[in-house]
Amino acid sequence: MHLIFKHKWHCTYLHTVLKPRYPFDLAFRSYWIPRIKRGTWVLRFFNARLDAFTLLGMGFIRKGLCDAVRNPQDDGVKDFFNKDIKMNKNIVTHYSSGSKLFHWVIAFIVITMLSVSFFLEDVPEQYQSLAYSIHKSLGLTVLFLTVLRFLWIMYRGKPVLPPTVSVWDKVISRIVQYCFYLFLIIMPLCGWIMSVAANRVPVYFGLVPMPLPIEANKALAKFMNQAHETIAWVLIVLIVLHVAGAIKHHFIDKDNVLKRMLPGK
């Protein structure tokens, strides 16, 4: 197989002349196809998409890091880290009320769940069924709200970081932001698939059953349970980084990054 290099955005990207042309194609063909012959289709489906999300996220991170290191003064770099995700040409100077509402509701639910979830097994037996039911319903709520928040930000946009923020701070900020979106979607999906695979279909706040086209599968349920717990710890680390960054902006940098997300500001 012949390899060529293309120079783009101050980074060197590797392309292949023969198919597969893209990193995901190569990873899928070399890693996932040999595994297509075994395991359940749901496990293959989830893993393939998890691999796709991971590669996509790493692509964004690699581009940002390369741009920042090779030419931090380049206008393209500044545009990449400061660009507003919006549908119009107007500069967004503050978070909308909807953006703040999504942020604080999701934050409250996630922090509460992470604080309580590790002790669900210690709940008295007569209340465990109710506790797990509420946990599953809140997890699905986080999933739906995260998707809605992403669409809302795409529509309304968000303010850029102050010009005094260093390039590396912007890199870390973007990485943490993308990881939050990624794991706040994957984590509840893991729990949802785990429950259905364990033949315990969630009933959303006791009102609406939430089935999936998945048959009972103990191996799949166990795998999803492990992924669910691992991502919980990843989210704890991300929350610590996020809070530490907000505190740094407010008390050390003395800018308005934290204030503009506070309710009523």
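The values are calculated or read from the model by the stated rules, or taken from the named source; none is laboratory data. Note that this is a predicted model, so its numbers are computed, not measured. In this analysis, Cβ positions are derived from the backbone assuming ideal geometry, glycine residues included, and neighbour counts consider all displayed protein chains.
Could you count how many residues in the range 119-171 are of a type in the set (A, V, I, L, M, F, W, C), part of a loop (DSSP other than H, G, I, E, B) and exposed (fewer than 12 other Cβ atoms within 10 Å of the Cβ)? Before the answer, list the steps.
Keep residues of the range 119-171 that are of a type in the set (A, V, I, L, M, F, W, C), which gives 119-120, 123, 130-131, 134, 138, 140, 142-145, 147-148, 150-154, 160-161, 165, 167-168, 171.
Still in the list and also part of a loop (DSSP other than H, G, I, E, B): 119, 123, 160-161, 165.
With exposed (fewer than 12 other Cβ atoms within 10 Å of the Cβ) added as a condition, the list becomes 119.
Residues in the range 119-171 being of a type in the set (A, V, I, L, M, F, W, C), part of a loop (DSSP other than H, G, I, E, B) and exposed (fewer than 12 other Cβ atoms within 10 Å of the Cβ): 1 in total.
For the range 63-118, which positions are closer than 23 Å to R149 by Cα, more than 22 Å from the chain's Cα centre (by Cα), β-branched (V, I, T) and at pLDDT below 80?
I91
Okay, residues lined up against (1) closer than 30 Å to H94 by Cα; (2) among the basic types (K, R):
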{"position": "Q126", "(1), (2)": "no, no"}
{"position": "V142", "(1), (2)": "yes, no"}
{"position": "T164", "(1), (2)": "yes, no"}
{"position": "F180", "(1), (2)": "yes, no"}
{"position": "I185", "(1), (2)": "yes, no"}
{"position": "R200", "(1), (2)": "no, yes"}
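Would you tally the residues in the range 94-106 being part of a helix (DSSP H, G or I) and in contact (Cβ under 8 Å) with a residue 24 or more places away in the chain? Steps first, answer last, please.
So the first thing to find is which residues in the range 94-106 are part of a helix (DSSP H, G or I), and the list is 97-106.
From what's left, in contact (Cβ under 8 Å) with a residue 24 or more places away in the chain: 98-100, 102-106.
Qualifying residue count for the region: 8.
For the range 186-225, name all the residues that are aliphatic (A, V, I, L, M) and in a loop (DSSP other than H, G, I, E, B).
Our first condition is that a residue be aliphatic (A, V, I, L, M); within the range 186-225, this holds for 186-187, 189, 193-194, 196-198, 201, 203, 207-208, 210, 212, 214, 216, 219-221, 224.
Correct list: A198, V201, L207, M210, L212, I214, A216.
Please verify whether the range 144-156 includes one or more residues that are among the polar types (S, T, N, Q) and either closer than 23 Å to Y95 by Cα or touching a residue at least 24 places away in the same chain (Cβ under 8 Å) (or both). It would help to see each step written out before you state the result.
The first filter runs over the range 144-156 and keeps only residues among the polar types (S, T, N, Q), leaving 146.
Imposing the further condition that a residue be either closer than 23 Å to Y95 by Cα or touching a residue at least 24 places away in the same chain (Cβ under 8 Å) (or both) reduces the set to 146.
Yes.
Restrict the check to the range 179-198 and report whether at least one residue is polar (S, T, N, Q) and either within 17 Å of I236 (Cα to Cα) or surrounded by fewer than 18 Cβ atoms within 10 Å (Cβ to Cβ) (or both). Working first, answer last.
Taking the range 179-198 as the starting set, the residues that turn out to be polar (S, T, N, Q) are 195.
Applying the additional criterion that residues be either within 17 Å of I236 (Cα to Cα) or surrounded by fewer than 18 Cβ atoms within 10 Å (Cβ to Cβ) (or both) yields none.
The answer is no; no qualifying residue exists.
Residues are listed down the side, and each one gets a yes or a no for (1) under 17 Å from the mean Cα position of the chain (by Cα); (2) farther than 25 Å from L101 by Cβ:
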| residue | (1), (2) |
| --- | --- |
| Q226 | no, yes |
| E229 | yes, yes |
| L238 | yes, no |
| A246 | no, no |
| H250 | no, no |
| N256 | no, no |
| L262 | no, no |
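Could you check L151 against (1) over 22 Å from I239 (Cβ atoms); (2) at pLDDT below 95; (3) of a type outside the set (S, T, N, Q) and say which number it fails?
In the conditions (1) over 22 Å from I239 (Cβ atoms); (2) at pLDDT below 95; (3) of a type outside the set (S, T, N, Q), L151 misses (2) alone.
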